[in-house]
Amino acid sequence: MIPYPKTPNAFKRNPTNRNAVQVGTWTDSTLAALRAVEWTWTEKVDGTNIRLLWDGERAEMRGRSDRAQLPGRLRLWFERYQEQLTERMYEAFGPSSAALYGEGYGAGIQKGGQYLEHQAFVMFDLMRSDSWLPLDVTQDIASVLGLDHVPIVGKGSIYEAVEFVVSDDFKSHWGDFHPEGIVALPPAPLYNAYGERIKFKLKRKDLV
């Protein structure tokens, strides 16, 4: 299965301050056209990109690329649950291929000690037989598989999302700290002129 496509920022970098984005200068004109619709915001976890792959027979863990090294404690987490995941993935997907995309997170990964003292996997997307599935389906399948899924933290327009991300009241699902940011999805699956899914991210550090 393919590496996870990068999620674009909603706004372009500020040309005079590359550490910040320039709110209102869009990375995609489609986002400008959809700025007032109600987007669904999920918490962006600060971790390492991980794929749980299903080939119809067995579950396998890989990094963002097939050659990427996996954190040792994360691999141990997977090995503990591999047999159970294989059984549940067969029940969920049968012979169809599937890729569960998520973050490996926890102590030793980025600043993961604020999330967990150990390392684990949290799911945020799912491709089945080359088709991306909607958020409510990925949440249901994560539950069936016994996996965590990134939480929905709010809904609203893009400018409301900006205000939310910079607010002191925006705290992580995992503790009393500010999350890395959000990933926002439109109210229904949409694609741009290049066939790419329309979604965006906002990072707190780019806005404050």
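Points to keep in mind about this one:
- Diagonalising the gyration tensor over the Cα atoms of segment 1-52 and scaling each eigenvalue by 5 before taking the square root yields semi-axes of 24, 17, 11 Å, largest first.
- The DSSP beta bridges internal to segment 48-149 are antiparallel in roughly 90% of cases.
- Translational diffusion coefficient of segment 107-159 (Stokes-Einstein, Kirkwood radius from Cα pairs, 20 °C, 1.002 mPa s): 163 µm²/s.
- Diffusion constant of the chain at 37 °C, which comes from Stokes-Einstein with the Kirkwood Cα-pair radius and 0.692 mPa s, µm²/s: 183 µm²/s
- Value of Rg/Rh across segment 137-208 [Cα atoms, Kirkwood radius]: 1.01
- Dipole of the chain, positive direction: furthest Cα of G156, L85, N17, with charges on the beta-carbon: N17
- Relative to the Cα centre, the charge distribution of segment 1-156, modelled as +1 at Lys and Arg Cβ and -1 at Asp and Glu Cβ, gives a dipole magnitude of about 840 debye.
- Column: log10 I(q)/I(0), Debye, Cα scatterers of segment 48-149, q = 0.19, 0.22, 0.25 Å⁻¹: -0.91, -1.21, -1.48
- In a DSSP loop and with at most 15 other Cβ atoms within 10 Å, the trypsin sites (Lys or Arg not before Pro) in segment 63-99 are R64, R67.
- Rounded to the nearest 20 debye, dipole of segment 75-208 from Cβ charges on Lys, Arg, Asp, Glu: 280 debye
No value in this document is a laboratory result; all are computed from the given coordinates. The model shown is predicted, which means the values in this text are computed figures rather than measured ones. Using ideal geometry, Cβ is built from the backbone for each residue, glycine included, and neighbour counts are taken over all protein chains shown.
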